[in-house]
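Worksheet for the structure shown next.
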Amino acid sequence: MQQSSFSHMFTPVVTNLLIINALFFFATLTLTGSLSAYLGDFRSLTDFLALHYWDSPQFRPFQIITHMFTHGGLAHFFFNMFGLVMFGSVIERKFGAQRFLFFYIFCGLGAALTQMAFYAYEIYSVAHTFTPALEQVFSSKVLIQNYLGSMVGASGAITGLLAAFGLMNPNVDLYFIFVPVPIKAKYMISMFFVGSLFLGFMQFESDNLAHFAHLGGMIFGFILMQFWRLTPKRF
């Protein structure tokens with residue numbers, strides 16, 4: 001019996017990740033008002049679920065996981081879920097469900113760790129401590145952005161999937177939005193990595209993307225892929 005195109009595209013773990021992300025997105029759109037009494041100093045449910053700097057008064061341990069399923073708007077949600085379907089389903093069929101889920105979460109956590117390390121670097125470069133007092137934080141725009149900022153989204157996990165896809169299919173042609181010509185996966189991934197590195201260090205004022213999280217997802221995905229290549233498959 002031939003598989004339907006639907007089951008070919010929406011593999012089990014990818015489908016469940018889509019559902020979880022959609023539920024989180026729907027909740028952040030509809031429940032902030034009704035939960036306002038329980039959110040305390042958080043501006044919204046999105047802010048409550050986002051990952052804050054580890055020393056921030058708004059940091060909660062559960063945010064290490066919840067931020068990966070929370071998004072900052074419809075476009076953010078759509079493009080991440082589009083990437084999950086396009087790359088995740090291919091990789092899940094290659095890895096199997098259990099190993100794919102581990103890879104996805106590992107890349108998401110690696111992305112968060114990388115972004116938090118960058119926040120810590122920025123904070124220390126100004127305050128000469130990783131744990132500045134709030135009075136000191138409010139004296140610097142850099143400290144406000146990094147100490148009191150937050151990150152949301154599945155982008156780090158998705159860029160990890162992108163790295164895995166490129167390693168497995170380096171010569172597959174991919175089409176980038178608004179670019180009418182195909183680009184081989186190995187070149188697109190290289191351009192994305194260099195672009196994220198450049199934008200991460202430049203920190204343009206109008207740019208609110210966590211570029212180091214994107215880099216972290218790719219790097220951790222690459223490292224795990226290399227580790228698995230050198231070790232026997234255990235799950």
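When you look at PHE130, is it open to solvent by 50 Å² or more (accessible area, probe 1.4 Å) and modelled with pLDDT of 95 or more, yes or no?
Details: open to solvent by 50 Å² or more (accessible area, probe 1.4 Å): yes; modelled with pLDDT of 95 or more: yes.
It is true that PHE130 is open to solvent by 50 Å² or more (accessible area, probe 1.4 Å) and modelled with pLDDT of 95 or more.
This table checks each residue for (1) farther than 17 Å from TYR104 by Cα; (2) of a type in the set (A, V, I, L, M, F, W, C).
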site	(1), (2)
LEU17	no, yes
LEU23	yes, yes
PHE26	yes, yes
LEU29	yes, yes
SER36	yes, no
ALA50	yes, yes
LEU74	yes, yes
GLY83	no, no
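In this structure, is ILE123 crowded, with 16+ Cβ neighbours inside 10 Å, more than 11 Å from the chain's Cα centre (by Cα) and more than 21 Å from ASP41 (Cα to Cα)? Criteria met by ILE123. Within the stretch 96-118, restricting attention to residues that are open to solvent by less than 20 Å² (accessible area, probe 1.4 Å) and among the aromatic types (Phe, Trp, Tyr), the residue that is nearest to the chain's Cα centre (by Cα) is TYR104.
Could you pull out the residue among ASP47, ASP41 that is within 18 Å of the chain's Cα centre (by Cα) and among the charged types (D, E, K, R)? Please lay out each step first, then the result.
On the way: ASP41 fails: within 18 Å of the chain's Cα centre (by Cα).
Result of the check over ASP47, ASP41: ASP47.
Tally the residues that are surrounded by fewer than 20 Cβ atoms within 10 Å (Cβ to Cβ) and either in contact with a helix residue (DSSP H, G or I) (Cβ under 6 Å, 6 or more places away or on another chain) or touching a residue at least 60 places away in the same chain (Cβ under 8 Å) (or both), restricting the search to the stretch 62-79.
First, the residues of the stretch 62-79 that are surrounded by fewer than 20 Cβ atoms within 10 Å (Cβ to Cβ): 62, 64-66, 72-76, 78-79.
Now restrict to residues that are either in contact with a helix residue (DSSP H, G or I) (Cβ under 6 Å, 6 or more places away or on another chain) or touching a residue at least 60 places away in the same chain (Cβ under 8 Å) (or both): 66, 72, 76.
Qualifying residue count for the region: 3.
Which members of the stretch 20-34 meet the condition of being among the hydrophobic types (A, V, I, L, M, F, W, C) and open to solvent by less than 60 Å² (accessible area, probe 1.4 Å)?
Here is the first cut: in the stretch 20-34, the residues among the hydrophobic types (A, V, I, L, M, F, W, C) are 20, 22-27, 29, 31.
Residues satisfying the conditions are ALA22, PHE24, PHE25, ALA27.
Number of residues in the stretch 137-154 that are under 17 Å from HIS52 (Cβ atoms) and assigned to a helix (DSSP H, G or I) equals 7.
The values are calculated or read from the model by the stated rules, or taken from the named source; none is laboratory data. In this text, all values refer to a predicted model and were calculated from it rather than measured experimentally. Here Cβ is always computed from backbone atoms with ideal geometry, including for glycine, and neighbour counts include all displayed protein chains. Remember, those area values only see protein heavy atoms, side chains included, never the ligands or the DNA or RNA. Shrake-Rupley method; radii C 1.70, N 1.55, O 1.52, S 1.80 Å.
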